[in-house]
1. Can you bin the stretch 138-197 into rounded, prolate or oblate? Criterion: square roots of the alpha carbon gyration tensor eigenvalues sorted a ≥ b ≥ c, rounded for a/c under 1.5, prolate for a/b above b/c, oblate for the rest.
2. Can you spot the aspartates and glutamates whose alpha carbon is less than 17 Å from K182's alpha carbon? Ignore those fewer than 8 places along the same chain.
3. Could you give the length gained by full extension between V58 and W109, i.e. 0.36 nm per residue of separation minus their alpha carbon distance, to one decimal place?
4. Could you sort the peptides 182-188, 47-53 by per-residue average Cβ neighbour count (10 Å cutoff), highest mean leading?
5. Classify the stretch 98-213 from the C-alpha gyration tensor, please: rounded if a/c falls under 1.5, else prolate or oblate depending on whether a/b exceeds b/c.
6. Report the paramagnetic label zone for W119: residues of the stretch 25-51 whose backbone N is under 17 Å from a point 7 Å from Cα along the Cα-to-Cβ axis.
7. Suppose the chain between F48 and K151 were pulled fully straight at 0.36 nm per residue; how much longer would it get relative to their current alpha carbon spacing?
8. Grab the other residues whose beta carbon is less than 15 angstrom from that of R121, score K and R as +1, D and E as -1, and report the net.
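Coordinate-derived values only; no laboratory data. Note that the structure is predicted; figures quoted are calculated from it, not measured. Methodologically, a virtual Cβ is constructed for each residue, glycine included, from the backbone with ideal geometry; neighbour enumeration extends over all protein chains shown.
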Amino acid sequence: MLLKRKHVKKHVKIIWSKLRAQAPLLIGLVLFVIVVQLVYPPTITRPFSWWAGRFVGVSGGSEVADSFAKTLSGELLVDDQKRPVKPEDFGTSIDKQVLQKDLVHYPVWQRFIPLSIFWPRIHSAVPKQVDADKLESFIESTTTEYFTPSKSARAERNTENIYTLIPGEGGKSLNKEEFQKKLNEVNLAKPISIQMIRQTDAPAIGDDQVKQAIESTSVASFKPLKVEVSGKAYIVNPDLAASWVII
């Protein structure tokens, strides 16, 4: 038992002596890594950096933002009509200044931690900025483009003073508030797809209103009408009275 203890102590001494011999080398290596981290360029991303699903390690923050901005595109789907659209069309763009700061963020206190330069950095958010005037202009032009006016119901009269109903047609339009909300919610880190369904606008004059007017102005609803002109009395028959009424 005593021999085993001596044997263990002997091995511990050997290991300790080796560590002491290598300590200057290890300390020097750690200091070297810290120095490298301290002088690491503040405008370059760390080696293991990802942003919006793509590898951006050891890249300039501004270059990454510029290259990503060029790839931004999507589609606008209104009912079943599809057309390409870019964020810049509705005044939305990457906030490059904020993004660059986020990509190359490497605080001093972390630089003093050995090997922190190799910590993986995963960025998911894409900061954006919005030009309010351009956004408003896009909403106005797009809602105008997809606007279909409604047609009021009307009545057509034939030679026998009989009215026929010409049904009205509902219009179609985009809800501006809903459209603006969807544009504001666009996430630049994901494929851009804006879907809108146009609302139906009722005509100003509906079919029932015209039907009621037709019924009230039919020949059967008129009685012979007595009219006096310059002391003379005239009898206007229902057909003639009905012809005087315009719907």
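1. The shape class here is prolate.
2. Straight-line reach from K182, under 17 Å: E75, D79, E88, D89, D131, D133, E136, E140.
3. So the chain would gain 16.4 nm between V58 and W109.
4. Most protected by this proxy first, the peptides run 47-53, 182-188.
5. The shape class here is prolate.
6. It comes to 33-42, 44-51, nothing else.
7. 30.9 nm
8. +3
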